[in-house]
Amino acid sequence: MKLIENIKKFINKYKNTLRSARSVLVAVAIFVAFLYVLYALISFRMTLVNTEYNPLYVQTCMHTLKYNATKLELVNEVDNYIKTVATQSSLDGYVIVEECMNSGIDICFVLAQGENESHFGTTGLARKTNSVFNVYAFDGQSHEQISEKGKYKHPNYSVAPYIELLKNDYLVGGKTEYDLMDGEYVNKNGSRYASSETYEKALLAKYTKIRQNTKIDSLSQETNKYKLFLGL
């Protein structure tokens, strides 16, 4: 009890002093908060000044918007083509666009081969393997005989391995996609992609048709132009 009485006496004795100290602390806190808000406002204003009138920043923003818009249009165009050819296909146009743009592969070429090989995963063994491009599928083999490397949970998963195969085994020594269609579609060991003697001719015809009847080629070039500018 004596301790409590002593505390009360201390508070009463220095009451005015404590009130003054509290007022000072509150004032300091308000001043610090004011400085922080002022700093934030100045920083925000400087950001606007530095970006709003910076031609390069404005140009980058415009190219970013155009890149995204053009890429979306390209994906929709690829999707529409796939659905026109094979309404039951679950192959996603976005996957085709992403894989081709990241590796520099001609989208029209990939679509032409995917259509000729399996109608985008809806015909032949591809209906079971989900291998749109029939990678690791050889003539005369049944579904059971095909390597597990050539079987996928979804057609989308077959795109990346096919692209890698193209880059590492076929588009070597300066060869282009057009070279494979206009000459012999063979890998670095001289083995043909398909046994049909008219494979290249049929592929080139399909490729030409896609380029002429869709906007895929022009949209691809435009998207790549913006991508190059943005350094993506």
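Of note:
- For segment 198-207, the count of residues that are open to solvent by less than 80 Å² (accessible area, probe 1.4 Å), polar (S, T, N, Q) and under 16 Å from Glu115 (Cα atoms) is zero.
- The set of residues in segment 118-128 that are in a helix (DSSP H, G or I) and touching a residue at least 24 places away in the same chain (Cβ under 8 Å) contains only Ala126.
- For segment 180-191, the criterion of being open to solvent by less than 40 Å² (accessible area, probe 1.4 Å) and of a type in the set (Phe, Trp, Tyr) is satisfied by at least one residue.
- Condition met for Thr129 (closer than 22 Å to Ala202 by Cα and either crowded, with 22+ Cβ neighbours inside 10 Å or more than 19 Å from the chain's Cα centre (by Cα) (or both)): no
- Looking at segment 137-232, the helices (runs of 4 or more DSSP H) lying wholly inside it that each contain 3 or more residues that are within 24 Å of the chain's Cα centre (by Cα) and modelled with pLDDT under 95 sit at 216-230.
- Number of the exception - Asn80 against (1) more than 23 Å from Gln141 (Cβ to Cβ); (2) touching a helix residue (DSSP H, G or I) at 6+ places or on another chain (Cβ under 7 Å); (3) of a type outside the set (A, V, I, L, M, F, W, C): (2)
- Residue count for segment 94-128, restricted to those that are farther than 20 Å from Val172 by Cβ, polar (S, T, N, Q) and touching a helix residue (DSSP H, G or I) at 6+ places or on another chain (Cβ under 6 Å): 2.
- Checked against (1) touching a Phe, Trp or Tyr at 6+ places or on another chain (Cβ under 8 Å); (2) more than 21 Å from His119 (Cβ to Cβ), Asn189 passes all but a single condition, namely (1).
- Residue in segment 186-208 that is within 29 Å of Tyr67 (Cα to Cα), touching a residue at least 12 places away in the same chain (Cβ under 8 Å) and of a type in the set (D, E, K, R) present: yes
The values are calculated or read from the model by the stated rules, or taken from the named source; none is laboratory data. Bear in mind the structure is a predicted one, so any value in this text is a computation, not a measurement. Quick reminder, even Gly has a Cβ in these numbers, built from the backbone with ideal geometry, and neighbours come from all protein chains shown. Areas reflect the complete protein model, heavy atoms only, side chains present, ligands, DNA and RNA absent. Shrake-Rupley method; radii C 1.70, N 1.55, O 1.52, S 1.80 Å.
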